[in-house]
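Each remark here refers to the structure printed beneath this line.
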Amino acid sequence: MASLHSVDVWLDSGLRRNDEWEKYMSDEYQLDKKRVRLSFGRAAHTYDQSAVLQREVVQRMLSRLEVVALKPHAILDAGCGTGSGGRNLARHYKKSSITSLDFASPMLQVARLQQHWLSKLFAPQAFICGDIEAMPIQALSQDLVWSNLALQWCNNLDAAFSEMHRVLRPEGLLMFSTFGPDTLKELRHSASVDGHTHVSRFIDMHDIGDALIRAGFSAPVMDVEYFTLTYESAIAVMRDLKAIGAHNATQGRSHGLQGRAFLQNLNAQYERFRQADGKLPATYEVVYGHAWKPQPKTILPDGAQPIQFRQRQRP
């Protein structure tokens, strides 16, 4: 099992990595959504044992939410997994109705079982099986859309943000986390020896902010944290990823079984990253963001938009 060996917190340097957006749009990095769904479904009962980072990020998102003046009546947990986010939100907003959405039905079953004992203390949750890129959620029905480490499993970030914008009421809040380009960089470098993709593509913070603006959100706020999980071996890294359902589902992956020679070479390449304490690192770049859905603009018949002025009161 991984240990959260170190946490480095810092803001991104501001350098854009446009090649990451091109990589995101390329066919070889498009995800086989059926494979992703099956992988997470199989991992539903092992997920919580290995989701060290995911639990930590939930707490950090909640701390960011504490400084936001928001009293939501309806909350959507988009990509809920086994429901950790929804349960924490239920404690934070005891009178809010919460809808938990995930595209892997076994994950929802685990989330429903774990939520059952909380239903006597807080408002009951609804559970819906659906994809973030096309959510079966009524438009203008939510005050807060929360999504913890799920957007990286979308093929079309613009579609996902458009859906989140659609279901939010005006002045509603989107709060999310996802992975940035440096995520699993050690594994990516160690496995890139056979011409296939072995690690998913992850999008730069600035490109995510641009996508928020395209979807119609206002005042996006973004920041980045770096986490390092440590392991005894490269095989342990991959075993942990399997336990949370994070299989390689890119179209450019090898569709055959990886042989012993590949694993031996992977182990040898990963050894280059072994630290002074004898541990192997697995880096995760976590991107946090939140943005508001503005009130719709008033457009006059001649296409003009009215400007409102507030009268300043004299002291």
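Since every read-out is calculated from the coordinates, none of them should be taken as a lab result. Computed from a predicted structure; not experimentally measured. Note that each Cβ is placed from the backbone with ideal geometry, even for glycine, and that neighbours are counted across all protein chains shown.
Taking each of K33/K242; K34/K71; K71/K297 in turn, the alpha-carbon distance tops 28 angstrom for K34/K71. Pairwise Cα distances in region 37-98 exceed 19 Å for 35 percent of all pairs. Shape class for region 54-179: rounded, because the ratio a/c of the largest to smallest gyration tensor axis (alpha-carbon atoms, square roots of eigenvalues) is under 1.5. Phi angles across region 68-84 convert, under the Karplus curve 6.51 cos²θ - 1.76 cosθ + 1.60 with θ = phi - 60°, into 3J(HN,Hα) values of 9, 7, 8, 10, x, 8, 10, 10, 10, 9, 8, x, 6, x, 8, x, 4 Hz, Gly and Pro given as x.
Summarising the label geometry, the points placed 7 Å from Cα in the beta-carbon direction at S141 and R42 lie 3.3 nm from one another.
Distance from the alpha carbon centroid of region 137-152 to that of region 56-104 works out to 10 angstrom.
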